[in-house]
Amino acid sequence: MVRIAHFSDAAADGVNGIAASIRLLTSEMAARGHSSLVVSTGRGDIRVPALPTGMGDFRFSLFPLVMRRKVRDWRPDVAHVHTPGPLGAAGLTVARELGIPAVYTYHTDVHGYSAFYYYPTLVIRAGTAIYARSLPRGPKVKGLGRYAAVAAANVRVFEAARVIILPTATAMRHCRTAAHYAHKTRVIATPPPHRTTVSDRRDPTVLFVGRVSAEKGIPLLLDAFARLRRERPDARLVLAGPVSRRLGLPRRLARAGLTEDTAVTGALHGDEVLAVYRHAGVFAFPSTTDTQGIVLHEAALAGLPIVLVDRELAAAHPLGGAARLAEPTPESLAAALRAALENDPGDAVERARRIAYAETPSLFADRTMDAYRDALTTDRE
């Protein structure tokens with residue numbers, strides 16, 4: 001039996017890809033006789049006090065090392081860190097103190113998010129300095145700006161991990177030091193926990209599932225849908241997921257004249273999520289910052305044609321070859337959505353379903369356990 005302690009600055013009980021990954025992984029590991037301890041800024045086995053950051057369920061932990069004694073008493077064999085924030089860094093610190101290997105999953109393209117969220121450079125530098133004595137230094141990152149500060153913080157995390165898990169091969173595409181850590185990376189796709197029921201009904205509905213926020217490409221999707229409506233007045237848009245206040249969605253919908261043609265569901269759970277897939281005609285994925293795209297698997301299992309705008313994600317994601325690729329412009333995305341609604345998706349949809357069915361929760365757990373074993377048997381560098 002392997003005992004795994006998970007650390008996440010994103011609330012592990014939240015509606016986000018990191019939380020979904022942790023819940024799926026701990027469930028599968030329990031079925032195999034392994035034990036998990038979840039340390040999170042949300043509800044879990046150990047909850048660390050934290051403040052909201054405005055970035056979805058990601059929270060800033062106030063006293064990240066308060067959990068140290070409880071984790072030590074639990075005696076984990078592996079520390080699995082899921083975020084690069086204060087709690088994630090504290091998890092790496094605890095792993096070093098206990099002399100156990102750390103595995104890090106690069107869930108979040110922090111560099112990509114920096115185009116949409118303000119990270120104070122001084123705060124990043126200060127946070128990195130706090131853990132400087134506990135985490136190895138790694139290659140030096142040149143530069144004084146925010147990008148360099150993020151890169152320097154990433155290096156500390158990458159250096160401390162025995163194994164780095166990537167949801168897709170291009171997850172670290174914006175990291176200048178990615179090549180330096182290629183020898184310790186493993187690509188493990190994260191599937192959804194549920195098998196979506198396929199429906200023969202295909203409404204002229206464009207569906208998005210995920211956090212409704214700027215970094216997920218929602219402004220692009222709204223502009224594209226407004227263009228689509230001019231040619232397909234019967235088209236409808238469904239935005240299924242928690243809405244970021246920073247986006248100003250009601251104002252954007254009103255300005256584009258889309259208020260009456262758009263359904264905004266808020267956060268959904270379980271069967272509620274599966275239901276929105278059954279009544280859609282095409283799944284739109286306008287994000288250029290995602291590393292894993294669990295919802296792409298859900299859409300494929302539901303038999304929906306998929307439209308992507310992220311060329312690099314399409315090249316690396318298991319479902320990329322079965323999706324329709326558009327440029328990240330309103331004109332191109334609108335044309336691709338219309339083509340998906342009006343043409344028979346045929347072989348592409350069936351191929352996507354076969355690929356999604358092959359990426360099972362069991363396979364995800366097996367691959368992750370192999371990563372744990374690698375970490376346990378690899379000498380510290």
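Looking for whichever is hydrophobic (A, V, I, L, M, F, W, C) and over 26 Å from Thr170 (Cα atoms) here; the options are Val309, Val349, Val264. Which one fits? Quick ask: steps written out before the conclusion?
Values: Val309 fails: over 26 Å from Thr170 (Cα atoms); Val349 fails: over 26 Å from Thr170 (Cα atoms).
Going through Val309, Val349, Val264 in turn, the sole match is Val264.
The rows are residues; the columns are (1) surrounded by fewer than 17 Cβ atoms within 10 Å (Cβ to Cβ); (2) touching a Pro at 6+ places or on another chain (Cβ under 6 Å); (3) of a type in the set (Lys, Arg).
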{"position": "Leu221", "(1), (2), (3)": "no, yes, no"}
{"position": "Val238", "(1), (2), (3)": "no, no, no"}
{"position": "Ser244", "(1), (2), (3)": "no, no, no"}
{"position": "Leu247", "(1), (2), (3)": "no, no, no"}
{"position": "Pro250", "(1), (2), (3)": "yes, no, no"}
{"position": "Gly257", "(1), (2), (3)": "yes, no, no"}
{"position": "Glu260", "(1), (2), (3)": "yes, no, no"}
message: Can you tell me how many residues within the range 325-335 are surrounded by fewer than 18 Cβ atoms within 10 Å (Cβ to Cβ) and closer than 24 Å to Asp234 by Cβ?
response: 3
message: Is it the case, given these coordinates, that His107 is at pLDDT 75 or above, closer than 21 Å to Thr170 by Cα and not aromatic (Phe, Trp, Tyr)?
response: yes
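I'd like to check something: does the range 56-74 contain any residue that is within 22 Å of Ile294 (Cβ to Cβ), assigned to a strand (DSSP E or B), within 22 Å of the chain's Cα centre (by Cα) and at pLDDT below 90?
Within the range 56-74, one or more residues are within 22 Å of Ile294 (Cβ to Cβ), assigned to a strand (DSSP E or B), within 22 Å of the chain's Cα centre (by Cα) and at pLDDT below 90.
Every residue, every condition in (1) of a type in the set (A, V, I, L, M); (2) in contact with a Leu (Cβ under 7 Å, 6 or more places away or on another chain), yes or no:
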site: Asp310; (1), (2): no, no
site: Asp344; (1), (2): no, no
site: Ala348; (1), (2): yes, no
site: Pro361; (1), (2): no, yes
site: Asp366; (1), (2): no, no
site: Met369; (1), (2): yes, no
site: Leu376; (1), (2): yes, no
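Restricting to the range 98-110, and then to whatever is part of a loop (DSSP other than H, G, I, E, B) and over 23 Å from Gly56 (Cβ atoms), can you tell me which residue is nearest to the chain's Cα centre (by Cα)? Please lay out each step first, then the result.
Just the residues of the range 98-110 that are part of a loop (DSSP other than H, G, I, E, B), to begin with: 99-101, 106-109.
If we keep only those that are over 23 Å from Gly56 (Cβ atoms) as well, we get 99-101.
Numbers: Gly99: 29, Ile100: 26, Pro101: 23 Å.
That would be Pro101.
I'd like the residue in the range 58-79 that is closer than 14 Å to Thr41 by Cβ and among the aromatic types (Phe, Trp, Tyr) and, out of all such residues, is surrounded by the most Cβ atoms within 10 Å (Cβ to Cβ). Talk me through it step by step, then tell me what you get.
Just the residues of the range 58-79 that are closer than 14 Å to Thr41 by Cβ, to begin with: 58-67.
With among the aromatic types (Phe, Trp, Tyr) added as a condition, the list becomes 58, 60, 63.
Working: Phe58: 22, Phe60: 18, Phe63: 12.
Among residues in the range 58-79 that are closer than 14 Å to Thr41 by Cβ and among the aromatic types (Phe, Trp, Tyr), the one surrounded by the most Cβ atoms within 10 Å (Cβ to Cβ) is Phe58.
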- request: Kindly check whether there is at least one residue in the range 239-261 that is closer than 26 Å to Arg311 by Cα and either in the same structural domain as Ala19 (by TED's automatic domain parsing) or charged (D, E, K, R) (or both).
  value: no
task: Identify the residue in the range 80-97 that is at pLDDT below 90 and outside any helix (DSSP H, G or I) and, among all such residues, is surrounded by the fewest Cβ atoms within 10 Å (Cβ to Cβ).
output: Pro84
- request: Scan the range 231-242 and report the pairs whose first residue is under 22 Å from Gly266 (Cβ atoms) and β-branched (Val, Ile, Thr) and whose second residue is surrounded by 21 or more Cβ atoms within 10 Å (Cβ to Cβ) and at pLDDT below 95, with Cβ atoms within less than 8 Å and a gap of 6+ or a chain change.
  value: Val238/Val276; Val238/Ala280
query: Do you know which residues across the range 336-381 are closer than 17 Å to Ile100 by Cα, loosely packed, with under 12 Cβ neighbours inside 10 Å and either in contact with an Asp or Glu (Cβ under 6 Å, 6 or more places away or on another chain) or at pLDDT 90 or above (or both)?
result: Thr377
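The values are calculated or read from the model by the stated rules, or taken from the named source; none is laboratory data. Owing to the predicted nature of the structure, the values given are computational and were not obtained by experimental measurement. Because the Cβ atoms are built from the backbone with ideal geometry, glycine has one as well, and the counts that use them run over all protein chains shown.
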